[in-house]
Each structure stands twice: as C-alpha cells, then as structure tokens.
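Chemist: Dropping a structure here in structure tokens format, bear with me for questions.
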C-alpha cells in the first residue's frame, strides 16, 4: 500500500444538496495507467476535479505522494507534479499553440528545459509543430486535444489526469491519442484516465474502476474488467 | 481651427485620465467579471491622500518636482493597500455567489468610501497644488497647459509599462490566463487569489496616479470627485470592450475627445449625456464594445 | 373563448369586484389612518418616513419584476421615476387650481406612468438583446441622459427643478399605490406570465424551446416596471412639493437595486421589507450625524456578506409557514392526429464561419414515428436539433414543420407548431420547482392576458386549474409526483432528465426531440427509459426523434436510424441495416462492436 502515488479513501463530494461522490476509494501506483469508466454523471469528472483541487471534498481523504492533499489549491499540486488535462480540453483559444504550451510550464523557470520540452511535445504530436503560431481556437477538435495533453506534460508531471481525451474525436484520431497516452506512460508518467470509451480505456489500463452514481461498483485489471459480464453488458453495449 | 486643436488637446488630456481609471475597471472585470463600482472612489482616495501628504510635507505651499513624485508615490502605496483590502474583505467572500451580489457589495464599498471621505475630509472642495506652477507651452495660438502635458506624458509612460506587464511578464501572463478561463489557469499552476489581488493593486495604483493628475488639472479635491470620472471611465472601459486593455485606452480617449468637442461647440451641460449617448449607440451596433470579442453561447 | 367560460355580465362584475376586494377594502382603512394619525403634528415625522417607505416599496417591487423575476439587470430605475415625476409635475403645475375630486391628479399620475412606460419601451426594445452587464450599463447611461435632458430643459426647471408642485399625494395616495403595486406584481408573478418571466431568468434557450417569447416578456417586464416607477416619481413629486434632477442620479437607482438584492431576487415581500429597512436605516442613524451614511454603507456590505441570497432568498415570507397544495384532476383532452409529415427537412446545410457543421441534411418524420440520430460526438447531431427548433437558421435548404416553412420563425414560434425538445446538458429551470417547470411547459397553451391575470378573471382561473391538472398528470406519468415541490436542481440526475421530458411533453408537442436522454443513467434506468419512450409515443401520440450513444437503447427503440459523421449523413435505414453497414462501423460503431454483434445480427437474420 505504501507505494501508491495517489490514494483516495472514502472520498465524499457534495454539490449543494447533491451527493456526487459517495465514499470513493482506490489507489494509483507509480508507473500505472488507471482508468475510471462509467456513465455520464457517475462522478468520474468530479473525482478528477477533487483530486486536482478544483473541488473541496466534504469527507474522506486524498493522499498524494504520501501527503494529504484534499482541499489543497490546484497551483500547489501542479508544483508537486500533478497535472490535469480537463474535460473539454480547456485550451486558451485566443492564444497561440506555443503560448498555450508555455502556460503549461507556468511554474517552471528553466528556460532551456522548457524549450526542450516544447520540442518533445512537438515530437509526440508533430501536427502541433505545424500549428505553432496559430491561434489554438482555430485547431480541430483532435488537435486541441493533443494540445491539451502536450500542455499538461509541460509541467513535467509525475501524475497526469486525463478527462475524456476521446471526446468528440473521430475513431482514427482517438486511436492515435491512445497510442500516445501509452507512450507517455512508458516514459514514466503515471496516468489516471477518465473515459467514456470503455473498450479503448480498459485496453491500455493496468487497473480500472467502474463508477456508478458516485460509487466504485467494480474494480480489477483492465483485462479482467474487459471480460467481466457486468461491464460488457453495461458499458460495452452488449 | 486653433479652437479645434485646443479642444483636441484638452480631450486627449481628459481622455488619458479616463483611460488610466478605465484600465482598473477593465482588468478587474477581466479576471473577476465584476464591475468594481468602488474603483472611482479609489481614484478619489488617491487624490485625497495626495492632498494630505502634500500638506504634511509642505509640498502644497512650495511645490517641486521631487515633492510631487513623493506625493504620488505615497498615494500609489495607499491606494495599493486600499485596493488589496477591498478585494480581500468585500469581494473574496462572495466570489462564488451570484455576480449581482458582488455588485451590491461594490456599491456599498463605494458609498462607504464617499461618505467616509466626507466624514474625514469634510464635504467641501479644497485646493490641490502638487505640481510647481508653470506657464505651459504655446504652439501658435494653441496653448498646452503644463498639467495637460504632464498628464499625457505620465499616462503614456504608465500605459506602456502596463502593456509590458500584461503581455511580457509572468504575472501578466497569469492575469490573461485567469481572464480567459480561471479554472484552467489554476490547473496550469496559477495562484488565482494572488493574481486577483495583484490585479486590484495594479488597477488601484493607476487610479491613484489618475487621481493626482485629475486633482492637479482642476486643482481641487472633494469626496464625491470620483463619482462622475469613475462612471465615465467605466463607460470608457465598456466602450472599448470590457476586459480588453487596449480597448480601455481607446475608449478613454474617444470619450475624452467627444466630451471636449461637445462642450466646446455645443454646451458643457450636455457633456455627460454625450458620453452615455455614444456608449449606447456603440453597444447597439457592436454589443461587445469597440475592441471586445463576442462569445457565442453553446446550446 | 368568452362563450365557453364567460358567465353573465353580473357574475363577471361580481368577480372583478371580489378580485379587487382586498385592495378596495384597504382604501378606507388607509384614509382613516391618514385622518386620525397622519395629520397630527406629533406624527408628522413618522408619517414622512412611512410615506418614503411607500414610495420605496413601489420602486423596489417594480424593479424586482425586471431584476428579480425576469433576471435582467437594470440600474436606471431612477430615470423612469424622473420621467414619471416630471411629466406629472408639469401637468399639475399647469392644471386647474382647484382639483376637489383629485381627478386631474389621477390623470397626471396616469400620464406620468404612461410616459415612463413609453420610455421603458423605447429603452427596452433595442437594448434588451444585450445581456447582463451590458444591459446594466445601457440602463445606467439612459438614466443619466434623462437627468441631463431635464437639467437642460427650461420646461423642467433646469438644474433648479420644479416647485411648488401641488401637494396632493399623502399617506392614502402613496399607500394605495404601494398596495396596488404589490398586488399587481404578486398576481402577475403567480400567473402563467409570472412563470414565463421566471423562465427567462432561469434559461432563455430552454424558455424559447417551451414556446415563451423571451424578448416579448423582457420588454413587457421592462415597460410595466418603468410605468410603476413613473407612478412612484409622480407621487414623490407631489408629496415633497418639488422635484430636482439631483434626486434622480444613478445613486438613487443603486439604492433601489440594493433593496431588490437585499430583499432576495424575485421575492416580493423581500423587496417590500428591504425597501422599508433601507429607507429607515439612514433615518435611525440620524443621531450619528455625519457618520450615519458611513454606517449605512457598512451595513449594506455586511448584510450582503452575511446573507448573500438576500433576506428571504427567492422565497416569500409566507413560504416560511407550512402551506397547502392542490389536488390532481382528469387528464387533458387529446388532440386529433395528423397524417402529413410532421417534420420535413430538405437539403439543409449550416456553416459556422468556414466550418460546415451539417451538410445537405434531409429528414422526414411522420406522426408517431420513432427515429434515431446517431454518430460520433461533434458529428452535428445536436446542430440538427438546433436547426429543427430554430435556434439556428439553415444556411441553405428548408425545414418544414407540419407543412410550414420555419425560416424566420423564432424558437418559441416553432414550439407553438408542435416541436418540443430536451437538451444534452439538461436545461431545467434549476431554481424553480418540478411543478413549475412543467407548468411553464403549458405556458404557450394559455390565452389569458396579463390584465386578466392581474384581475384574476375567470379565464385565468379556469386555465390555471387546467394547467395544474395537466402538470400533475404529467409528473405522475413520469413518476415524479412525489417531487412536485422540490427545486429542479435538487433532483437526482435521472429524475432531472425525466423532468425535462415531462416539461417538453407539457407543451403538447407533435414531435419530441430527445438529446441523449440516457446519458448518465445506469443500465436499469436505460431499460426503463426504453419502455418510457414507447409509452410516451403510445399515450401522447407523438413522434420521437432521439439522439443517443447507447446502442442498446437506439437499436431497441427506434424504427429508423440516421447516421451522421462530420455533418454528412452517411447512412440511414432500419436498425439491422445500420448495424451491418460498413461505413457506419468504420466511422462510429467500430470494428469491435461489429465483431461482437456479428453473431446476434446473424441470429436476427435467421429469425427474419
């Protein structure tokens, strides 16, 4: 248990009167890809937002790198290597691709390191190099998603939270993005992935958890969940 | 023709002051989407602090350039603290409430500064002398008042500095990021609270300088002096496209010029109506202001 | 309609009298109070304050109609007050010296109110398309312009003002007007029109989709509110005996806004109480001399920090007491069915800037048909709904709803033609109860005029009863009756989605457009939803167009499927055909889906 990079323990979140997360517990070990699957409104995005500090949990604990971080402001967590590429990408449409990337490195001061990471981002997503001086708002959906991931990497995270990277993307683009997510993971970044597309997500994940109405109802390795009849019935459209 | 140039020069000078105040409105609006109605009164406090410091240092009896600088710096410092405190005490607790609430709080703070000013300072205008007397410049029949020249020079320098801060520093980058999308900005590691405090401080410092310049131009200070210039500056900010820094400068200039031309050729009593008339026309034609960008609502 | 509902002239007269009884009864009481107390010298100061409160109540309650109920943001109320005050004062100053029955005085108030209402219309008509802060600044600017015009017009006494205005307005007049204002606003608020105002505040897009003419309602709220402010101005001038432009600066408007916000947005009793508190506060602080306004402003800030939703929130003071609720009744009458195509889209294309969102889209929906629209996210499915409901006009092509070309029609007009929709990220009126959400759906079926609502006419009453029955029945059908009085935002996710369907059905549609109704629901809810969609079709005789990602639901419920990809219709046909269509598999369903369903599909073929 001690080698968990991130551990959630009986996490509760309320939005006003709505009990959005009801005692969620799971952990993410260093080097893993862990995925949360479930229907819309099940609490996947809420979980990510609570982890990255955008939401204050009403109960339970979040332990990141051995320290409790529930309610800690997002900027402090970024400084400790936790990056979150939010749902809907959240790129700055009126800034250029390069400016967006530079904002991802907001807390860093090593100019050379930043530049080499920009180049590394371009190497991962060559299309972004072509769009370097373009306003991010003019990018296609897939390109914006790539930018969002590349930008999150600019903070040199240890743990990367990805929210619905396949949202609104054509299947081929989705496939590319998932291949790159695996590549990023092999380069040593731990990934917590929220996905609608349970097939793809479980296919690359070491572990997965199924969320339903704010609770973890099933957990297992990616392959176990892919084979589970309940998951197949509920999320793989069978 | 000479008369026309005279109006233009006056217009630029008044417009520059409006622009300085408008920057405070527009920056705060950019990061918080809040109309900080108390901003005009921060401008007034800037002038008032200047008056007290000038009296205390003897500057008002024997004006000098270094003395004027000292007075201005003191007033900037006072307004910086004031802006910081207003945000912390009155706006931050309401950051997640409906925006109308913060607006009422802003109005409350505005009343507080005005009536507090009347209580401390007395309701009557007092003469304000900080800059040394100087006949000004004469170019043919057009005369450039000394205060006008100083106003324009100081404003241009400040706006240039502001442009550098907003577009070429880390804090400026953070400000822009927060104004585009504060949630995402926080995920990039931006400390939102710090940025908002900084924005208030920056806007208040500019308002302090504007207060000193305005008080030197008319030369008097009184507790309600922030009311009209504050409102006009807000109009200037909306005119230029609220949340947009170059827009605030442009809006201030347009407003100053229009006012001076109308009071020159028509009557000064119609001046205020013209400011709002222009605003309404511009908004009806370009609902997001001259340089503002529209946002379509997604259904 | 009159033949259906109207009784004899006698009953109507009796009804009209009864509806104003509380008001009519109040006048003698007010007069007695006036007679016995207000004219006593000891009470002069007290009644001066009481009268100021009365005027403040008129201002706050009327502004509440715009800022609180309709959710628009006006900060130029003092301008309308000035218009009313000056118009009435100019008339009074030139009127007959003797006005024993106060007829001329009444006429002057009416003229002031009319002028203010006209001013409200002039300002509101062009500027209400602006939103939020921009509308605020325009109203503020307008108020200032009025003041400047007054200061420059000799007729209005320029900066000095007008005096002596005949002092006809006294306690009786002011409080009669104040009570009338409260009564009118309350009755409007409780009628179908009041719910229409609220729907504009909660969500304009959804309101349009329910058939509410949002621009029309905004202008109406503005005009009524301005007219009432005009009455306040007229009374104020005639009470004080003078008018000066300095009384109508934006500071005055701010004070009224403060009363509305402090009372609680939309709460009439809240506004009334806040008007009294904020009028009295500076008076009670008078002992503190120069400090009183300082303390007043601190009190304002502190009140806002301590009670950010105002004194009463959106509630009324009687909501704090336990209250009763109505009973259900028989179902509404069924409408005859149609045989022609309900929806007929011909070669519709829409571009946003350079991007073609939907290209050459054609679709016919017949009555009672179940059609599904599927495709990857961003394929343009919701855009098709937005085209159908008139949120966007097509760049090319035409859309016919029940045979009528919808070009140039606003969403609320199309709702009247019989299209109702739900939204992908549900757009309920979150701060209203489930019951009110459904009742709002019935809004466009009503015919009562605003005047009738205020009068509580018979038609209004019959319609209210009918709306109540219909709404409760719909809630019952959706299994939501136990949630009747819960705020929409407090319902669990699945119930919110059902409530949205109930609301859409309340508009009595011919076709129901459902945008991802199963999103965020679990498997059990999904199969219930499947049954529900079929039930809705059978029970209400509507056609259903469905956007959905859940293939089980889509394949299970729909009779016909269209597949969109990048705005292009790549396939259409029976569910079975779609499942095996290679283009659909490539663009949307995926190889895996096809492989895993191959067996089932083959099995299905055997059965056929």
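Chemist: Kindly indicate whether any position in the stretch B:137-154 is loosely packed, with under 15 Cβ neighbours inside 10 Å and assigned to a helix (DSSP H, G or I).
Modeler: Checking the stretch B:137-154: at least one residue is loosely packed, with under 15 Cβ neighbours inside 10 Å and assigned to a helix (DSSP H, G or I).
Chemist: Could I ask something else about it? Enumerate the strands (runs of 3 or more DSSP E) found wholly within the stretch A:31-96, keeping only those where 3 or more residues are closer than 28 Å to residue A:134 by Cβ.
Modeler: The qualifying strands (runs of 3 or more DSSP E) are A:82-85.
Chemist: Of all residues being modelled with pLDDT of 90 or more, under 21 Å from residue A:231 (Cβ atoms) and within 14 Å of another protein chain (Cβ to nearest Cβ) in the stretch A:156-191, which is surrounded by the fewest Cβ atoms within 10 Å (Cβ to Cβ)? Just the residue, please.
Modeler: Taking the candidates together, the pick is A:178.
Chemist: Could you say which residue among B:152, B:166, B:139 is away from chain A (no Cβ under 14 Å) and in contact with a helix residue (DSSP H, G or I) (Cβ under 7 Å, 6 or more places away or on another chain)?
Modeler: B:152
Chemist: Have a look at C:135, C:130 and point out the one that is crowded, with 24+ Cβ neighbours inside 10 Å, within 12 Å of chain B (Cβ to nearest Cβ), modelled with pLDDT under 90 and on the phi < 0 side of the Ramachandran plot.
Modeler: Selected residue: C:135, the only one of C:135, C:130 that is crowded, with 24+ Cβ neighbours inside 10 Å, within 12 Å of chain B (Cβ to nearest Cβ), modelled with pLDDT under 90 and on the phi < 0 side of the Ramachandran plot.
Chemist: Select, from B:224, B:255, B:239, the only residue that is surrounded by fewer than 24 Cβ atoms within 10 Å (Cβ to Cβ) and modelled with pLDDT under 95.
Modeler: From the options B:224, B:255, B:239, the qualifying one is B:224.
Chemist: If you don't mind, there's one more thing I want to ask. Could you check, for the stretch B:188-198, whether at least one of its residues is in a helix (DSSP H, G or I) and within 15 Å of the chain's Cα centre (by Cα)?
Modeler: Checked the stretch B:188-198: no residue is in a helix (DSSP H, G or I) and within 15 Å of the chain's Cα centre (by Cα).
Chemist: Give B:13, B:75, B:102 a once-over and let me know the one that is buried (at least 19 other Cβ atoms within 10 Å of the Cβ), in a helix (DSSP H, G or I) and within 14 Å of another protein chain (Cβ to nearest Cβ).
Modeler: After ruling out the rest, the residue left standing is B:102.
Chemist: Against the definition (facing chain C (nearest Cβ under 10 Å), touching a residue at least 60 places away in the same chain (Cβ under 8 Å), over 19 Å from residue B:80 (Cα atoms) and in a helix (DSSP H, G or I)), how does residue B:224 come out, yes or no?
Modeler: No; evaluated as a whole, the condition is false for this residue.
Chemist: Of all residues in the stretch A:82-116, how many are within 14 Å of chain B (Cβ to nearest Cβ) and either crowded, with 23+ Cβ neighbours inside 10 Å or under 24 Å from residue A:193 (Cβ atoms) (or both)?
Modeler: Total meeting the criteria: 18.
Chemist: Another question, if that's okay. Find the residue count for the stretch B:155-179, including only residues that are surrounded by fewer than 19 Cβ atoms within 10 Å (Cβ to Cβ), over 16 Å from the mean Cα position of the chain (by Cα) and in a helix (DSSP H, G or I).
Modeler: Qualifying residue count for the region: 6.
Chemist: Additional query: Exactly one of these conditions fails for residue B:41: (1) at pLDDT 90 or above; (2) surrounded by fewer than 24 Cβ atoms within 10 Å (Cβ to Cβ); (3) within 12 Å of another protein chain (Cβ to nearest Cβ); (4) within 16 Å of the chain's Cα centre (by Cα). Give me its number.
Modeler: Result: residue B:41 passes all but (2).
Chemist: A further question on this structure: Going through B:264, B:247 one at a time, which residue ends up being in contact with a helix residue (DSSP H, G or I) (Cβ under 8 Å, 6 or more places away or on another chain) and crowded, with 19+ Cβ neighbours inside 10 Å?
Modeler: On inspection, the qualifying residue turns out to be B:247.
Chemist: Pairs under 6 Å by beta carbon, first residue within 13 Å of another protein chain (Cβ to nearest Cβ) in the stretch C:557-585, partner in a loop (DSSP other than H, G, I, E, B), six or more apart or different chains?
Modeler: From residues that are within 13 Å of another protein chain (Cβ to nearest Cβ), the pairs are C:564/C:375; C:564/C:379; C:564/C:380; C:565/C:375; C:565/C:379; C:567/C:380.
Chemist: Please verify whether residue C:230 is buried (at least 24 other Cβ atoms within 10 Å of the Cβ), touching a strand residue (DSSP E or B) at 6+ places or on another chain (Cβ under 7 Å) and either part of a helix (DSSP H, G or I) or within 14 Å of chain B (Cβ to nearest Cβ) (or both), treating the condition exactly as stated.
Modeler: no
One line per residue, one yes/no per condition, for (1) within 12 Å of another protein chain (Cβ to nearest Cβ); (2) under 23 Å from the mean Cα position of the chain (by Cα); (3) outside any helix (DSSP H, G or I); (4) within 21 Å of residue C:420 (Cβ to Cβ):
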site: C:472; (1), (2), (3), (4): no, yes, no, yes
site: C:476; (1), (2), (3), (4): no, no, no, yes
site: C:479; (1), (2), (3), (4): no, no, yes, yes
site: C:496; (1), (2), (3), (4): yes, yes, no, yes
site: C:518; (1), (2), (3), (4): yes, no, yes, yes
site: C:534; (1), (2), (3), (4): no, no, no, yes
site: C:544; (1), (2), (3), (4): no, no, yes, yes
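Chemist: If I filter the stretch C:88-127 down to residues being in contact with a helix residue (DSSP H, G or I) (Cβ under 8 Å, 6 or more places away or on another chain) and within 14 Å of another protein chain (Cβ to nearest Cβ), which single residue comes out as nearest to residue B:32 (Cα to Cα)?
Modeler: That would be C:127.
Chemist: Among (1) surrounded by fewer than 24 Cβ atoms within 10 Å (Cβ to Cβ); (2) not in a helix (DSSP H, G or I), there is one condition residue B:36 misses while meeting the rest; what is its number?
Modeler: That leaves (1) as the condition not met.
The values are calculated or read from the model by the stated rules, or taken from the named source; none is laboratory data. Computed from a prediction, not measured in an experiment: that's the story for all the values here. We place every Cβ from the backbone using ideal geometry, glycine too, and count neighbours over all the protein chains shown.
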